[in-house]
Amino acid sequence: MTRETTSFVYVTYISSTPEKVFEAITKPDIAKRYWGHENVSDWRPGSKWEHIRANDERTVELVGKVIEASPPTRLVISWANASQAEDPAAHSRVTFDIVEYDDMVRLTVSHDELEAGSGMANGISKGWPAVLSSLKSFLETGQGLDIFAKPKAA
């Protein structure tokens, strides 16, 4: 039986350079400042990567493999909850495409091969907009957003 899949695409424009955007995604000390997590890898195709909570517990929350790395314009990784690392069917794919536009960058994040209706698919539809908005704020102002903020009660 074939599982039904879905995808999520988010595009944003950032006043920055492709090099700075790529570094913000791949350098742990930068990612933790806007994402609250460190992305840790040597970023070579075939290498593993880990998404580690940047707090005292240092919990590994997501894992995957580097599928393609072409700094500073493209990064493709597999993506799964750490608890499902050994289940190939639980892995989805994230592609970061970084294109220079005059004095800014168009960043397109495509997250595909997601199981339709899964917790991961539901979570990333809220998570990516928050993370990428924080990335944009961080690169443009030096200050990321609180991506763990909750809506205020009405």
_Test: residue 69 is among the aliphatic types (A, V, I, L, M) and out of contact with any Phe, Trp or Tyr (no Cβ under 6 Å at 6 or more places or on another chain)_ = no
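Identify all residues within the stretch 94-115 that are of a type in the set (S, T, N, Q) and touching a Ser or Thr at 6+ places or on another chain (Cβ under 6 Å); write none if there are none.
95, 110
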*Can you tell me which residues in the stretch 115-142 are in contact with a helix residue (DSSP H, G or I) (Cβ under 6 Å, 6 or more places away or on another chain) and more than 18 Å from residue 11 (Cβ to Cβ)?*
none
*Of all residues in the stretch 70-80 being out of contact with any Lys or Arg (no Cβ under 8 Å at 6 or more places or on another chain) and in a strand (DSSP E or B), which is surrounded by the fewest Cβ atoms within 10 Å (Cβ to Cβ)?*
70
*Give just the number: which of (1) touching an Asp or Glu at 6+ places or on another chain (Cβ under 9 Å); (2) over 27 Å from residue 122 (Cα atoms) does residue 46 not satisfy?*
(1)
*Could you look through the stretch 19-75, keep only residues that are aromatic (Phe, Trp, Tyr) and closer than 19 Å to residue 85 by Cβ, and pick out the one that is nearest to the chain's Cα centre (by Cα)?*
49
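Throughout, read-outs are computed from the coordinates displayed, never taken from laboratory work. These figures come from a predicted structure and were not determined experimentally. Ideal geometry is used to build each Cβ from the backbone, glycine not excepted, and the neighbour counts take in all protein chains shown.
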